[in-house]
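Presented below is the structure to which this report refers.
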Amino acid sequence: MKARLTRLSRRYQLALRRHLKQGPRASLQPARGLGRQAMALGLETLDVARIHEAALASLEASSSRDGFVKRAEMFFAETITPIEKTHRAALKASTRLNQLTQALGRRTVDLAASGRHLKQGIAQRKAVEQALKKSAGHYARLVKESRRLQKHLRHLTHQILSAQEEERKKISRELHDEVAQTLLGINVRLLTLKKEATVNTKGLKKEIASTQRLVEKSAQTMSRFAREFGKHHDT
C-alpha cells in the first residue's frame, strides 16, 4: 500500500507540474483520472490534500506566481471530485472543502517560513541530543560513585560491629573480675567469722550482717550485669 501511495504521489506531482506549465486553458482530465486512482486505493479527501500539499512544496521554487495558487486549487478540486461523489457526506463537506483549499493556498505562501523553522528545529534537536549524551555520562559517574560509597559504608559497618563486640567482651571480663573479687572477699570474711565464732558472739552477729549485705550487693551486681549485657547484645 505504501509503495502504491508513493507512485500515486509522484504521478500527481508530474501531472500538476504539467498542468501549471500549460496555463489557464489546460485540461483537468488528468486530475479526474488521478482522483479515480486515489478512490481505488481507498484514499479520502484529506489524504489527497496531503499529496497535493507535498506536490506544491516541491513546485514552489520553480513556479511563477501569476495564477499559480488558483490553478493549483482548481486541479486539486477536480482531483477530489470522484472521491466526493462516492460519499453522501459530500454535500455537507462543501464548506470544509473551501476552507481546506484556502488553507492550502496559505500553506503554499508559508512554505518558506516553515523551512526555516524546520532548520531551527533540527538544530535544537541536535543540541538536546548532545545534552542527553552529556547527562548520560554524568549519570554513569554518579552510579559508580554511589556503588563505591555503599561498599565503603558496608566496610565501616563491619568495623563498628567488630568494635562493639570487642567492647562487650571487655565489659564482660571487667564485671567478671569484679564479681570474682567480691566473692573472694566474702569467702575470706566467712573464714574469719568461723574463727571468731567461739570468741566474740556479739561481734559475730555484726560480721554476719555485713557479710549478708556484701552477698546481696554481689547478687545485685550480677543481676545488673546480666541486664546490661543483654541490652548490648540485642543492639
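The values are calculated or read from the model by the stated rules, or taken from the named source; none is laboratory data. Since this is a predicted model, take the numbers as computed values, not measurements. Cβ atoms come from the backbone with ideal geometry, glycine included; neighbour counts cover every protein chain shown.
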- Item | Identity of the residue in region 58-79, aliphatic (A, V, I, L, M) and closer than 14 Å to A103 by Cβ, that ends up modelled with the highest pLDDT | A77
- Query: Is it the case that some residue within region 210-221 is among the acidic types (D, E), modelled with pLDDT under 75 and part of a helix (DSSP H, G or I)?
  - Reply: no
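Per-residue answers, yes or no, for (1) under 20 Å from T101 (Cβ atoms); (2) touching a residue at least 40 places away in the same chain (Cβ under 8 Å); (3) part of a helix (DSSP H, G or I); (4) not hydrophobic (A, V, I, L, M, F, W, C):
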| residue | (1), (2), (3), (4) |
| --- | --- |
| R10 | no, no, yes, yes |
| K21 | no, no, yes, yes |
| P24 | yes, yes, no, yes |
| G35 | yes, yes, yes, yes |
| A38 | yes, yes, yes, no |
| L43 | yes, yes, no, no |
| I51 | yes, yes, yes, no |
- Note on the structure: Counting only residues that are more than 30 Å from A226 (Cβ to Cβ) and acidic (D, E), region 115-170 contains a total of 2
